[in-house]
Amino acid sequence: MADFSLELNEDQLQIQKWVHDFAEDVMRPAAHEWDEREETPWPIIEEAANIGLYSWEFVANAFSDPTGLTFPLVMEEMAWGDAGIGLAIFGTTLGVSGIVGSGTPEQIAEWVPQCFGTPDDIHVSAFCVSEPDAGSDVSSLRTRAVYDEAKDEWVLNGTKTWITNGGIDKVPNVHVIVAAVDPELKARGHASFVVPPGTPGLRMGQKFKKMGIRASHTAEVVLDDVRIPGNCLLGGKEKLDERLARAREGKSTRTQAAMSTFEASRPIVGAQALGIARAAYEFALDYAKERKAFGTRIIEKQGIAFKLADMRMEIDAARLLVWRACWMARNGKPFTAGEGSMSKLKAGEVAVWATEQAIQILGGYGYIREFPVERWHRDSKIYTIFEGTSEIQRLVVARAVSGVHIP
Ligand SMILES: Cc1cc2nc3c(=O)[nH]c(=O)nc-3n(C[C@H](O)[C@H](O)[C@H](O)COP(=O)(O)OP(=O)(O)OC[C@H]3O[C@@H](n4cnc5c(N)ncnc54)[C@H](O)[C@@H]3O)c2cc1C
């Protein structure tokens, strides 16, 4: 008997159903309202915290599943409910993955619970890498971190942009900042820092109005002489000094602050894109079985039925790539062919394409705000942009499979 199986276990099925019920009963009915309001849906985050969904314990538990599939299952269901609200709830996990990716076990134990708070005292977190002149090109970060040895403090200056949860101060917010310690070393001279909630000098700049995922807050974060204790450097000073010394000698360094976080989170982001694509596919399938034109249901027309067949096939194919990458990441299998990037690339592009197909199947009803399909299309587009654009994912895959450094 072969071991290979795609069957989900009892725990996974239970969690999937539990999250699906929350997505169906709480998120879906609220999706249109928060999309229009373009605000963080605090009451829904509170509801998620009350049932234990928004909590570090739940996230740690989901991540500890040895198959690696529980967290992508959760993400798919949440995004099926609503991607904007889903990101408002789980945007915090971006900051958490920055801490887990670079922090010591003590730092992880200290800061991860503070990213979530408790149901009575909600906290959030933000992961701040991108800058006005450094998005895809992470090596060009201008935000500087300078060590003040006399006070054992780091001083951060710069401006971050497009930051999910960035600068929110309504509740305590743990910002994780990637900054240049030695700009000459480019990405190898970067380090990650925790800025504790309420630290003077950190403030929100412009809040952006967006095309989609509008319930999720996206803003600039301005750092003006932000002083943080020495132990807020993730990974610790000794490790950083060693890494910088190796980089200065031209030796290879294993970790680059932002990149190690993105590698781990890309398949999870792909799972969110899948949730949107599946929502659109299911809605369009139901619609096609009801809607009549020229005397028959439109599902009976090959032009529509084939679209739905292709949608289902592409969604299933994308899910297999996402699950493979999550299983590999959890089981310590290296991404030798850019499998993490591949999964996010495929899922993001399938989501944009499938939601557009769904609009076409609904015709005029697909184009108006009374139906959710146009929102899903707007929401899907971010998945070919953030956590690395589709072009950057292709670059990662092309470099990995060719062994050639394609610029
Ligand atoms: C809603 C939203 C939320 C976000 N959340 C966060 C967050 O929480 N934290 C964070 O740090 N960032 C966040 N981002 C930033 C996001 O990761 C960047 O927008 C993204 O990495 C692209 O960077 P850019 O916008 O500067 O585009 P650019 O890098 O300027 O790219 C512009 C175009 O050029 C292409 N391009 C660039 N380089 C190459 C190349 N070498 N080869 C081929 N094509 C190339 C790109 O693919 C793209 O099509 C968010 C962005 C948005 C819109």
- Determine whether region 196-210 contains at least one residue that is touching a Lys or Arg at 6+ places or on another chain (Cβ under 8 Å), on the phi < 0 side of the Ramachandran plot and not in a loop (DSSP other than H, G, I, E, B). no
- Note on the structure: Subset of region 349-407, residues assigned to a loop (DSSP other than H, G, I, E, B) and farther than 17 Å from R266 by Cβ, comes to Y367, I368, R369, E370, F371, P372, G403, V404, H405, I406, P407
- Which one of D148, D137, D169, D152 is under 17 Å from G205 (Cα atoms), acidic (D, E) and in the same structural domain as D241 (by TED's automatic domain parsing)? D169
- Query: What is the residue count in region 139-185 for residues that are within 16 Å of the ligand (Cβ to nearest atom) and not polar (S, T, N, Q)?
  - Reply: 18
- Sole exception among (1) of a type in the set (D, E); (2) out of contact with any helix residue (DSSP H, G or I) (no Cβ under 6 Å at 6 or more places or on another chain); (3) at positive phi for D120, by number: (3)
- Task: Would you kindly identify the helices (runs of 4 or more DSSP H) lying entirely within region 11-117 that contain at least 2 residues that are within 19 Å of the chain's Cα centre (by Cα) and modelled with pLDDT under 95?
- Result: 56-64, 92-102
- Does R243 satisfy the criteria of being in contact with a helix residue (DSSP H, G or I) (Cβ under 6 Å, 6 or more places away or on another chain), outside any strand (DSSP E or B), farther than 30 Å from E374 by Cβ and away from the ligand (no atom under 16 Å from the Cβ)? no
- Task: Quickly run through region 344-371 and pick out the residues that are of a type outside the set (A, V, I, L, M) and buried (at least 21 other Cβ atoms within 10 Å of the Cβ).
- Result: K344, K346, G348, T355, Q357, G366
- Kindly indicate which of A317, A329 is among the small types (G, A, S) and either at pLDDT 95 or above or assigned by TED's automatic domain parsing to the domain that holds W80 (or both). A317
- Item | Test: residue in region 168-187 that is at pLDDT below 95, closer than 30 Å to R246 by Cβ and under 23 Å from the mean Cα position of the chain (by Cα) | yes
- State whether the residues of region 197-205 include one that is away from the ligand (no atom under 11 Å from the Cβ), more than 21 Å from the chain's Cα centre (by Cα) and closer than 17 Å to G91 by Cα. yes
- Pair list, Cβ < 8 Å and 6+ apart or interchain, from region 165-188 residues that are among the polar types (S, T, N, Q) to residues that are within 13 Å of the ligand (Cβ to nearest atom) and part of a helix (DSSP H, G or I): N165/T92; N165/L94; N165/G95
- Message: Looking for something within 22 Å of F71 (Cβ to Cβ), surrounded by 15 or more Cβ atoms within 10 Å (Cβ to Cβ) and touching a Ser or Thr at 6+ places or on another chain (Cβ under 8 Å) - is there at least one such residue anywhere in region 336-343?
- Response: no
- Message: Where the second residue is near the ligand (Cβ under 6 Å from one of its atoms) and the first is within 10 Å of T159 (Cα to Cα) and lies in region 123-143, which pairs have Cβ atoms under 6 Å and are six or more apart or on separate chains?
- Response: C128/I163; S130/W162
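Each row is one residue, and each column tells you yes or no for (1) polar (S, T, N, Q); (2) more than 16 Å from the ligand (Cβ to nearest atom).
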| residue | (1), (2) |
| --- | --- |
| M311 | no, yes |
| I315 | no, yes |
| A318 | no, yes |
| Q357 | yes, yes |
| R369 | no, yes |
| Y383 | no, no |
| G388 | no, no |
| I406 | no, no |
- Query: Counting only residues that are more than 11 Å from the ligand (Cβ to nearest atom) and in contact (Cβ under 8 Å) with a residue 40 or more places away in the chain, how many does region 86-96 have?
  - Reply: 4
- Message: Suppose we keep only residues that are assigned to a loop (DSSP other than H, G, I, E, B) and not aliphatic (A, V, I, L, M) within region 133-153. Which one would you say is farthest from K186 (Cα to Cα)?
- Response: D152
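The values are calculated or read from the model by the stated rules, or taken from the named source; none is laboratory data. Values in this document were obtained by computation on a predicted structure and should not be read as measured data. Cβ atoms come from the backbone with ideal geometry, glycine included; neighbour counts cover every protein chain shown.
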